[in-house]
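First the structure, in the form of structure tokens, and then the observations on it.
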Amino acid sequence: MNYYVDVWREYFDFSGRARRKEYWFFTLYHTLLLFTGELLAGFLANENSPLAMVFTVIFFLYILASIIPTIAVSVRRLHDIDKSGWWLFIGLIPIVGAIWSLILMCTDGTSGPNHYGPDPKATEEYVAVPQ
């Protein structure tokens with residue numbers, strides 16, 4: 001759940017790098033929320049109650065609000081593999097673009113620093129142990 005919240009904290013942050021773990025956990029939670037929202041909207045669609053209207057508005061606002069952080073974490077994920085954020089547009093190519101985007105998002109990030117910042121997997125400096 002921390003990865004989901006962290007992406008929301010970095011709402012407009014298109015710089016830096018995002019690990020695969022951060023990207024995919026955010027995508028998982030986001031998809032589950034959207035699926036749950038769609039399911040509830042389907043149940044409430046037959047009702048003409050104020051609750052159905054309020055839920056629909058809240059669901060629509062969530063979808064609108066989540067566009068920017070979704071793009072931002074995707075751009076940071078591309079930065080982790082040393083690609084420009086403009087590579088995100090390759091997903092607009094039918095079929096091939098979606099497959100290539102999936103491959104890019106699953107690719108392991110570059111080890112060590114790259115053009116977009118330090119390695120997010122890197123831990124603090126290793127302490128040399130005398131032998």
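Read-outs throughout are calculated quantities, based only on the coordinates presented, and are distinct from any laboratory measurement. All values reported here derive from a predicted model rather than from experimental measurement. So basically every Cβ, Gly included, is an ideal-geometry build from the backbone, and we count neighbours across all protein chains shown.
Computed quantities for the displayed model
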quantity: Crossing angle, helix 20-44 versus the chain [Cα axis fit, 0-90 degrees, rounded to tens]; calculated: 0 degrees
quantity: Dipole magnitude (debye, nearest 20) for the chain, charges at Cβ of Lys, Arg, Asp, Glu; calculated: 180 debye
quantity: Extent along principal axes [Cα atoms of the chain; Å; largest to smallest]; calculated: 73, 38, 23
quantity: Using alpha-carbon coordinates, inclination of helix 96-106 to the longest axis of the chain, degrees; calculated: 60 degrees
quantity: Within-15-Å neighbourhood charge of TRP87 [Cβ basis; K, R +1; D, E -1]; calculated: +2
quantity: For GLY109, residues with placed amide H under 5 Å, excluding near neighbours; calculated: ARG20
